[in-house]
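Trainee: Here it is, the structure, as structure tokens.
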Amino acid sequence: MIKYSLQCEKEHQFEGWFSNSADYDVQSEQGLLSCPVCQSGDVEKALMAPSIPRKGASKVDPKLRAFQAQFQETAKKARDYIEKNFDHVGKQFPEEARKIHYGEAPERAIFGEASVEEVKELKEEGVEIAPVPQPLPEPEDIKKKLN
């Protein structure tokens, strides 16, 4: 995971978490990023200072560690709630979301899978969708993948 400081055209600043830098590039190119304050789609990376630990200092800032723990807990709770209370429609998500949007299927909460292109098309059609939060991988799991 990589965290970027982002800024919209109205200078609202916020953070975005991405699988990798290419994930940010794809979402940006396809217009999938928006400001959480004003919903502007004109979003760019903001200036960031590198996080370089001082000699003898812990490599992970305690505030960051606390944020990560809180994010993990919140993401897990949200995901658990969605899995228990929404209908899982799997890869049929784009089709089912359109049917609900256009009144061809009963209105209900659903979740499933969609490609980046399908998400873009749904947003262009005015279908209200949101990503399901995924807990961040544990540091040990990241290290295993890198080795």
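Trainee: Taking amide hydrogens as modeled 1.01 Å from N in the peptide plane, which residues meet the under 5 Å criterion relative to Leu6, leaving out close sequence neighbours?
Mentor: Residues meeting the amide H criterion: Phe14, Glu15, Gly16, Ala46.
Trainee: Scan around Ile110 for amide H atoms under 5 Å from its own, H built in the peptide plane at 1.01 Å from N, and keep only partners 5 or more places away or cross-chain.
Mentor: When sequence neighbours closer than 5 places are left aside, the close amide H contacts are Asp87.
Trainee: Less than 15 Å Cβ to Cβ from Glu9, Lys/Arg counted +1 and Asp/Glu -1: what total charge do the surrounding residues give?
Mentor: Computed value for this residue: -1.
Trainee: Using r as the Cβ-Cβ distance of Glu117 and His12, and R0 as 35 Å, what FRET efficiency do you calculate, to the nearest 0.05? Don't skip to the answer; put the middle values down first.
Mentor: Numbers: r = 27 Å, r/R0 = 0.77.
Taking R0 as 35 Å, the efficiency between Glu117 and His12 is 0.80.
Trainee: Now, a different point. Could you work out the relative contact order of segment 1-46, using alpha carbon pairs under 8 angstrom and six or more residues apart, expressed as a whole percent?
Mentor: For segment 1-46, the relative contact order is 44 percent.
Trainee: Still on this structure: Could I have the simple spin-label model distance between Gln30 and Asn85, label points 7 Å from Cα toward Cβ, reported in nm to one decimal?
Mentor: For Gln30 paired with Asn85, the spin-label model returns 2.8 nm.
Trainee: Quick check: pseudo-label points 7 Å beyond the Cα along Cα→Cβ at Glu125 and Glu95, how many nm apart are they?
Mentor: Those two pseudo-labels are separated by 1.2 nm.
Taken together, the values in this text are just the output of simple stated rules run on the coordinates, not laboratory data. Just so it is clear, the structure is predicted and the values come from calculations on it, not from any experiment. Positions of Cβ are generated from backbone atoms using ideal geometry, with glycine treated the same way; all protein chains shown enter the neighbour counts.
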